Amino acid sequence: MSKAKKSEPELMDKIISLAKRRGFIFPSSEIYGGLNSCYDYGPLGVELKNNVKRLWWKTMVQENADIVGLDSSILMHPKIWEASGHIASFTDPLVDCKKCRKRFRADHLLEAARALKPQYLKEEPKDVSELKCPECAGDLTAKRDFNLMFKTFMGAVEDTASQIYLRPETAQGIYVNFENVQQSMRKKIPFGIAQIGKAFRNEITPGNYTFRTREFEQMEMQWFVNPKEADHWFEVWKERRKNWYLALGIKADNLRFRPHAKDELAHYAKAAFDVEYNFPFGWKELGGIHNRGDWDLSRHTKFSGHDFTYRDEAAGESFIPWIIETSAGADRAALAFLCDAYTEIDGGRTTTTESNKEMEVVLRLHPALAPIKAAVLPLSKKPELTKVAEDLLVKLSPHFMTAYDEVSSIGRRYRRQDEIGTPYCITVDFETLQDQAVTVRDRDTMKQERISLAEVAKYLQDKLVL
Ligand code: GAP
């Protein structure tokens with residue numbers, strides 16, 4: 001797809017429409033009118049997102065002897081959020097329109113207003129108090145801080161003593177388990193703890209589809225280091241995170257790093273970089289790499305009374321470990337992979353006659369991410385062909401996610417699979433009955449190879465290298 005097409009505003013609408021029509025993503029609670037910013041992953045979406053998470057886990061935990069996994073609970077002791085700084089500082093600045101009652105993030109309004117300069121503004125606004133509502137030009141309220149954590153109650157009594165929070169990040173579950181993991185797994189610094197799980201934030205302005213939602217999944221890895229080595233590891237993890245996206249097919253032109261400005265740094269961060277992707281709605285954060293210093297373990301030492309001092313025998317030193325955090329959103333990664341893979345081919349490529357040439361969509365997902373790896377397509381519904389096709393499906397399905405389709409012309413069936421990113425289509429035809437072989441078609445090159453029925457599973461295994 002050309003670069004110009006990438007930023008077409010209607011491109012996102014096309015991707016959203018495809019995602020709904022082909023079972024990737026549905027609006028949540030749709031029959032009740034939907035629930036703002038909540039989405040359900042359909043049969044193909046859950047495969048895509050599971051693949052994203054599985055590949056992240058593989059790179060982090062399976063292929064890295066120095067990183068181990070964790071699955072901590074969503075509900076945690078409320079003091080954790082005091083120690084982490086979330087109760088005091090996890091806020092967004094909020095303003096309301098007095099006329100139309102719409103709610104905005106003050107920093108977003110200011111950013112948008114400043115972006116209008118120099119064409120439309122005499123002077124750059126210094127503060128949100130100088131602005132009007134962008135929807136109806138009404139007056140705005142004064143700016144106030146809004147805490148993003150969802151509150152709930154534990155047990156039958158709904159009082160302040162039983163108030164707890166849905167975790168706004170998975171990271172804290174890792175920090176409070178630092179010693180449990182380090183001692184049970186006999187790990188020496190530097191080492192990492194990885195976790196994938198749901199997080200919840202009562203975002204003031206969710207939006208851009210699944211990009212900013214109130215319930216989402218994070219993939220976080222916290223790397224515990226000697227303070228002297230923190231800068232070195234920060235650079236190492238920046239490189240590794242970028243390479244993960246590139247290895248899974250994200251186009252290099254669509255990926256960039258952005259350092260946080262001093263006034264943008266989170267309360268815990270000494271240094272931070274965002275990994276950004278060029279979405280159809282602009283460059284936005286996919287994940288981050290943060291040097292958190294000793295903030296987390298020092299704070300938990302202070303608030304819990306549990307001393308997290310680590311004795312580094314090799315270095316002959318004792319210290320509170322510093323943390324290099326890599327954090328990414330599973331939903332944002334899945335969305336970026338979808339956007340990057342979406343390709344329109346004007347005039348089509350599977351249609352043969354001039355009269356029925358139409359635009360075709362190919363989802364060029366990396367095979368490891370594709371929800372379905374191979375589709376088995378009998379050329380006709382004749383029982384002698386469908387029997388062979390069904391037998392083949394039984395052989396392949398223990399190894400890969402497969403699909404079976406015997407409805408409509410073979411060209412149409414190829415197009416249906418191209419649209420959901422299936423890397424290989426396997427056609428069982430009348431010749432199969434003679435030569436015990438099938439035609440395997442490659443989604444991207446459209447090359448067709450004749451492969452013996454007995455060899456298909458091995459052929460795909462070699463090609464897919466998951
Ligand atoms: N532990 C650090 C941390 O939570 P963050 O930048 O606030 O840092 C990390 O969040 C990642 O979580 C983001 O880069 C993004 O991918 C994802 N994320 C954060 N808020 C989100 C939201 N409202 N919807 C979807 N993903 C979100």
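The values are calculated or read from the model by the stated rules, or taken from the named source; none is laboratory data. Note that the structure is a prediction, hence the values are computed from the model and not measured. Neighbour counts are summed over all protein chains in view; Cβ atoms, including those assigned to glycine, are modelled from backbone coordinates with ideal geometry. Each accessible area value is taken on the protein alone, full model and side chains, heavy atoms only, with ligands, DNA and RNA left out. Shrake-Rupley method; radii C 1.70, N 1.55, O 1.52, S 1.80 Å.
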Could you work out how far the C-alpha centroid of the range 129-197 sits from that of the range 279-357, in angstrom? 17 Å
Under 4.7 Å Cβ to Cβ, no partner at all: give me those cysteines from the chain, in residue order. CYS38, CYS339, CYS425
Estimated [θ] at 222 nm from DSSP helical runs (n ≥ 4, -39500 (n - 2.57)) normalised by residues in the chain, nearest 500: -9000 deg cm²/dmol
With a probe of 1.4 Å, find how much accessible area the range 365-464 has per residue, and write the answer as a whole number in Å². 45 Å²
With the charge dipole of the range 1-90 built from beta-carbon charges (+1 for Lys and Arg, -1 for Asp and Glu) about the Cα centre, the Cα from SER84, GLN62, MET12 projecting farthest to the positive end belongs to MET12
For the range 365-464, max minus min Cα coordinate along each principal axis, in Å, sorted largest first? 34, 28, 23
Cβ under 9 Å from ASP139's Cβ, ASP139 left aside: what net charge do those residues give with Lys, Arg +1 and Asp, Glu -1? +3
Tally the DSSP beta bridges in the chain and give the antiparallel ones as a percent, rounded to 5. 85 percent
If one compares the long axis through the Cα atoms of helix 106-116 with the longest principal axis of the Cα atoms of the chain, the angle in degrees, nearest 10, works out at 70 degrees
Between LEU35 and residues 5 or more places away or on another chain, which pairs have amide H atoms under 5 Å apart, with H built 1.01 Å from N, and which residues are they? SER28
I'm a student and want to see the number: the projected area of the Cα convex hull of the chain, averaged over all directions, in nm². 29.0 nm²
Divide the volume of the convex hull of the Cα atoms of the range 91-147 by its number of residues and quote the answer in cubic angstrom per residue. 71 Å³
What number results when the radius of gyration of the range 120-241, computed over Cα atoms, is divided by 2.2 N^0.38 Å? 1.55
Count the net charge of all other residues whose Cβ sits under 12 Å from the Cβ of TRP81, scoring Lys and Arg as +1 and Asp and Glu as -1. +2
Assigned charges on the beta-carbon of Lys, Arg, Asp, Glu; the chain dipole about Cα centre (debye): 540 debye
HN-Hα J couplings of the range 333-339 from phi, Karplus 6.51/-1.76/1.60, θ = phi - 60°, integer Hz, Gly and Pro as x? 5, 4, 5, 5, 5, 4, 5
Residue-wise HN-Hα coupling along the range 215-232, computed from phi with Karplus coefficients 6.51, -1.76, 1.60 (Hz; x: Gly, Pro): 10, 8, 10, 10, 10, 10, 10, 10, 9, 8, 9, 5, x, 5, 9, 4, 5, 4
Between helix 9-21 and the chain, what is the angle of the helix's C-alpha long axis to the longest principal axis, kept within 0 to 90° and rounded to the nearest 10? 70 degrees
Which entries in LYS20/LYS284; LYS79/LYS151; LYS98/LYS143; LYS99/LYS132; LYS198/LYS373 show an alpha-carbon gap greater than 18 Å? LYS20/LYS284; LYS198/LYS373
Over the chain, relative contact order from alpha-carbon pairs under 8 Å, at least 6 apart, %: 13 percent
Starting from 0 in steps of 10 Å, tell me what percent of the Cα-Cα pairs of the range 249-387 lands in each bin. 10, 22, 22, 18, 14, 7, 7, 2
In the calculated pair distance distribution of the range 67-196, what percentage of Cα-Cα distances lie above 26 Å? 49 percent
Neighbour net charge for PRO378 - beta-carbon separation under 13 angstrom, K R +1, D E -1: -3
